[in-house]
């Protein structure tokens, strides 16, 4: 095989199929984001605590199982994670049809979380297997567009189906999307594998993971307290602000997909942290409609650049047969950032009686991510790609 250079084509048929499989999968997850809380409240007569338990069961099981999913991916390949994750999530969604009490739903949400952990780790790793080494950040950007696209398009689709046909129709439709993900995922490359015994957590991902944990406190503040902030400050609706944020993320992930590859992963990650900190400071200090939008634009730029840069930092430090465990370890820090971040920032809001304090606290916490990044090795000039998976012929089944 001839080594592929950075100029070779990234979006091959197999790359497109793995990305499309991920889009269908996260579309299924997105369809349940607005419908599950309403189902708990309106059908199962649960309150806020019940909604929190149901949501937490999914997130907790996903975070807990990610390291094991990484180990499976490195030993048995990425395809089994993509197919197994799609099948597990689709089956769990079909079983929602028979739920008439809270406890069975919580149990099924745990099962759903297992499927999410497997699929994400498998697909994210396969995308890196298929990418030229010098374009790993670009590959991560395109993959994240599929994730954001599914999570963004799923909620309105789920709501429309629920209004027209009821909750059971949502569960069946989401299971159908998982079936599509399973079929498309059949062409996922197995990737490099190894039977060597390694630690459950990949140490190469701990530094970038710490940076992710700290800097994503800004995301916890933004998603958790922006709506309350604009209400209390009488700054209008939060919906358009979230729309600007989501649109900018998608636009930046596409238009700026190669920034981390061209300008350096650690340098890009540091710039992203600076944008996140600045956005939070502007949000806290400029209490006006223009200030909210200005803060959101700067914050969105940072969020768009952060994930591809951190993925590239992690991938650069591990061998191909460690990629699944490395990506699994990194993704755990995302789960922790939102769970712990909302808990800590909620306490800050309670103590200081206002959402501004949450944005200021997030700015301080995010700034410490720079110290974590300084401990991560800087990348040399990216060599040409030598990934065998990238040389794979067009999918043939």
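Of note:
- Residue 94 vs. criteria outside the structural domain of residue 209 (by TED's automatic domain parsing), surrounded by 21 or more Cβ atoms within 10 Å (Cβ to Cβ), at pLDDT 85 or above and in a helix (DSSP H, G or I): no
- Some residue of segment 125-148 being outside any helix (DSSP H, G or I) and in contact (Cβ under 8 Å) with a residue 60 or more places away in the chain: yes
- Search result, residues across segment 349-368 that are farther than 18 Å from residue 231 by Cβ and surrounded by 13 or more Cβ atoms within 10 Å (Cβ to Cβ): 360, 361, 362, 363, 364, 365, 366, 367, 368
- Yes/no for residue 111 being surrounded by fewer than 17 Cβ atoms within 10 Å (Cβ to Cβ), out of contact with any strand residue (DSSP E or B) (no Cβ under 7 Å at 6 or more places or on another chain) and modelled with pLDDT of 85 or more: no
- Filtered by the rule that a residue be more than 17 Å from the chain's Cα centre (by Cα) and assigned to a helix (DSSP H, G or I), segment 213-236 gives 225, 226, 227, 228, 229, 230, 231, 232.
- Against the criterion of being in contact with a helix residue (DSSP H, G or I) (Cβ under 8 Å, 6 or more places away or on another chain) and without any contact (Cβ under 8 Å) to a residue 24 or more places away in the chain, residue 231 does not qualify.
Table: residues versus (1) touching a helix residue (DSSP H, G or I) at 6+ places or on another chain (Cβ under 9 Å); (2) at pLDDT 85 or above; (3) buried (at least 18 other Cβ atoms within 10 Å of the Cβ); (4) on the phi > 0 side of the Ramachandran plot.
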{"position": "121", "(1), (2), (3), (4)": "yes, yes, yes, no"}
{"position": "130", "(1), (2), (3), (4)": "yes, yes, yes, no"}
{"position": "141", "(1), (2), (3), (4)": "yes, no, yes, no"}
{"position": "159", "(1), (2), (3), (4)": "yes, no, no, no"}
{"position": "168", "(1), (2), (3), (4)": "yes, yes, no, no"}
{"position": "174", "(1), (2), (3), (4)": "yes, yes, yes, no"}
{"position": "178", "(1), (2), (3), (4)": "yes, yes, yes, no"}
{"position": "181", "(1), (2), (3), (4)": "yes, yes, yes, no"}
{"position": "194", "(1), (2), (3), (4)": "yes, no, no, no"}
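- Single residue of 72, 88 found to be surrounded by 19 or more Cβ atoms within 10 Å (Cβ to Cβ) and free of Cβ contacts under 8 Å to residues at least 60 places away in the same chain: 88
- Long-range neighbours under 8 Å by Cβ, at least six apart or interchain, first residue assigned by TED's automatic domain parsing to the domain that holds residue 79 within segment 99-118, second in a helix (DSSP H, G or I) and exposed (fewer than 15 other Cβ atoms within 10 Å of the Cβ): 104/98
- Note on segment 248-346: enclosed helices (runs of 4 or more DSSP H) holding 1 or more residues that are farther than 24 Å from residue 228 by Cα and more than 21 Å from the chain's Cα centre (by Cα) are 259-263, 265-285.
A quick yes/no check of all residues on (1) at pLDDT 85 or above; (2) within 17 Å of residue 336 (Cα to Cα); (3) touching a helix residue (DSSP H, G or I) at 6+ places or on another chain (Cβ under 8 Å):
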site: 50; (1), (2), (3): no, no, yes
site: 57; (1), (2), (3): no, yes, yes
site: 61; (1), (2), (3): no, yes, yes
site: 74; (1), (2), (3): no, no, yes
site: 78; (1), (2), (3): yes, no, yes
site: 81; (1), (2), (3): yes, no, yes
site: 85; (1), (2), (3): yes, no, yes
site: 88; (1), (2), (3): yes, no, yes
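- Tallying residues that are modelled with pLDDT of 80 or more and part of a helix (DSSP H, G or I) within segment 356-397 yields 18.
The values are calculated or read from the model by the stated rules, or taken from the named source; none is laboratory data. Remember, it's a predicted structure, so these values are computed and weren't measured experimentally. Neighbour counts run over all protein chains shown; Cβ positions are idealised from the backbone, glycine included.
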